[in-house]
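Asks: Here you go, one structure.
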Amino acid sequence: MPMVVLWGIGNMPVTHVLLVQNASLRQLATVLSSCESQCSQKDFQPLLTIVLFSFLPSSSGTTGAAETPVEGQNLGTDNVSVIEGEMATISCRVKNNDDSVIQLLNPNRQTIYFRDVRPLKDSRFQLVNFSDNELRVSLSNVSLSDEGRYVCQLYTDPPQEAYADITVLVPPGSPIIDSREDVVSEGNETELTCTAMGSKPAASVRWMKGEQELTGEMTVDETYDRMFTVTSRLRLAVSKEDDGTPVSCVIDHPAVKGLRAQRYLEVLYKPEVKIVQGFPEGLTREGENLELTCIAKGKPQPHQISWLRVDDDVPSHTVITGSDLFIENLNKSYNGTYRCMASNAVGVAYDDYILFVYDAPTTIPTPTTLNPDNTQDSRAGEGAPQKIDHAVIGGVVAVVMFAILCALIVLGRYFARHKGTYFTHEAKGADDAADADTAIINAEGGHNNTDEKKEYYI
């Protein structure tokens, strides 16, 4: 009958489990003697336990060493993935157990638990559950050295084994994001680098520009301790709209979620220039004053703002104060294009205002609108940004309609009162005239004696 010998020395836990076929007292004595020859007298004297377990009878004709284990149909377990420093649980499950013994071995084939007894000194292993159908053991504070294949073993005839692979996940450290330059001018390209160090398995890196996902070039380096360092590089062309936009590198790893690093783009761009007419609010007319303000924004802020008149000189009495231009007592000789120019370290930009001076007003004009093409023009018409005087137009239209109506009334009355009347030369006696002259004389003299033929216009 096969037997298992289990012993411990002093305060040391059990370190050997032997399967002995047809065990006898002599064989047990031989085993103990072998330990005595390898252990000191001090350690050997406090012998703690000798436990004998009976198993199923061995197959006939079987002698010597234990039979080769097979992957059991009645024995099952699961692979385990665990984050470094956390707890892993290994479960050895048995179907239809016939009182056979279950034990759990580590990747070095050392016994962790034999039934509900823990031979190993490692106190991180703790018994969670033991029954005829399950041996469940927890391992706390898992480290990379604990990774490997653990064996669930069932002592049947032949013995059965099931394997549980423990995979230790190591999350990467906080990602580091760097930029090739701190600031970049619009239209140029910059390069960002994101590094995630010390992970297992290798992490993956995604890039986000605002809400837009971008793709970088990723490289993976493996270190000597089975750890990985991942580096991703992103090349990006920038515009002024990108100034202040966040760029993030997002780390994807089975051991951690939501790990990211973020950097804001700092983009330099040339000024944006706009001329605003402060006075007058409507048409620019002779004798009035003109006040213009140049608004310029850029990064860096424009360091120089200047005014000029395109294709001519600025009027002599024009007052320019920084971004403001003032001309008093306008006249038509001031007509032209006035330009505001602003510059910074990136470039130069400008905006134009077209001045057209009208005659002095006879009525009070209404405010005008701006030109939709952003080039201001003081003229009304020819694409100029002037408002329409609706009151004047309405008056003109009313006068014209009134005149047309009066004309229709007069013509109607005229045609109604004047009928078309004429006499023909068919008066009596005209046909008997000897010649045309006589007929005419007779006709003229006979108007009073002849019937009038009249035609009426309806």
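The values are calculated or read from the model by the stated rules, or taken from the named source; none is laboratory data. These figures come from a predicted structure and were not determined experimentally. Cβ: placed from backbone, ideal geometry, glycine included. Neighbour counts: every protein chain shown. Calculation scope for accessible area: heavy atoms of the full protein, side chains included, ligands and nucleic acids excluded. Shrake-Rupley method; radii C 1.70, N 1.55, O 1.52, S 1.80 Å.
Asks: For the range 236-255: of the residues being of a type in the set (Gly, Ala, Ser) and in a strand (DSSP E or B), which is most open to solvent (accessible area, probe 1.4 Å)?
Replies: Checked the range 236-255; the qualifying residue most open to solvent (accessible area, probe 1.4 Å) is 237.
Asks: Name the pairs whose Cβ atoms lie under 6 Å apart, with the first residue in the range 123-150 and aromatic (Phe, Trp, Tyr), the second not in a loop (DSSP other than H, G, I, E, B), and 6 or more positions between them or separate chains?
Replies: That search, which allows pairs on different chains as well, returns 125/112; 125/137; 125/139; 150/90; 150/164.
Asks: Can you spot a residue in the range 339-347 that is over 30 Å from residue 268 (Cα atoms) and not polar (S, T, N, Q)?
Replies: No: zero hits.
Asks: So, of the residues in the range 83-122 that are in contact (Cβ under 8 Å) with a residue 12 or more places away in the chain, out of contact with any strand residue (DSSP E or B) (no Cβ under 7 Å at 6 or more places or on another chain) and farther than 30 Å from residue 202 by Cα, which turns out to be least open to solvent (accessible area, probe 1.4 Å)?
Replies: Of everything passing the filter in the range 83-122, 97 is least open to solvent (accessible area, probe 1.4 Å).
Asks: Just need a number here: residues in the range 85-127 that are aromatic (Phe, Trp, Tyr) and closer than 14 Å to residue 156 by Cβ.
Replies: Residues flagged as aromatic (Phe, Trp, Tyr) and closer than 14 Å to residue 156 by Cβ within the range 85-127 amount to 0.
Asks: Please go through the range 186-229 and give me each residue that is open to solvent by 40 Å² or more (accessible area, probe 1.4 Å), closer than 30 Å to residue 344 by Cα and part of a strand (DSSP E or B), ordered by number.
Replies: 189
Asks: Give the residue that is most open to solvent (accessible area, probe 1.4 Å), with candidates limited to residues of the range 263-288 that are in a loop (DSSP other than H, G, I, E, B) and at pLDDT below 95.
Replies: Once the filter is applied, the top-ranked residue is 281.
Asks: Go through the range 137-156 residue by residue and tally those that are in contact with a Phe, Trp or Tyr (Cβ under 8 Å, 6 or more places away or on another chain) and either closer than 29 Å to residue 199 by Cβ or surrounded by fewer than 18 Cβ atoms within 10 Å (Cβ to Cβ) (or both).
Replies: Residues that pass the stated criteria total 6.
Asks: Residues in the range 173-183: is at least one open to solvent by 60 Å² or more (accessible area, probe 1.4 Å), under 29 Å from residue 204 (Cα atoms) and among the polar types (S, T, N, Q)?
Replies: Yes: one or more hits.
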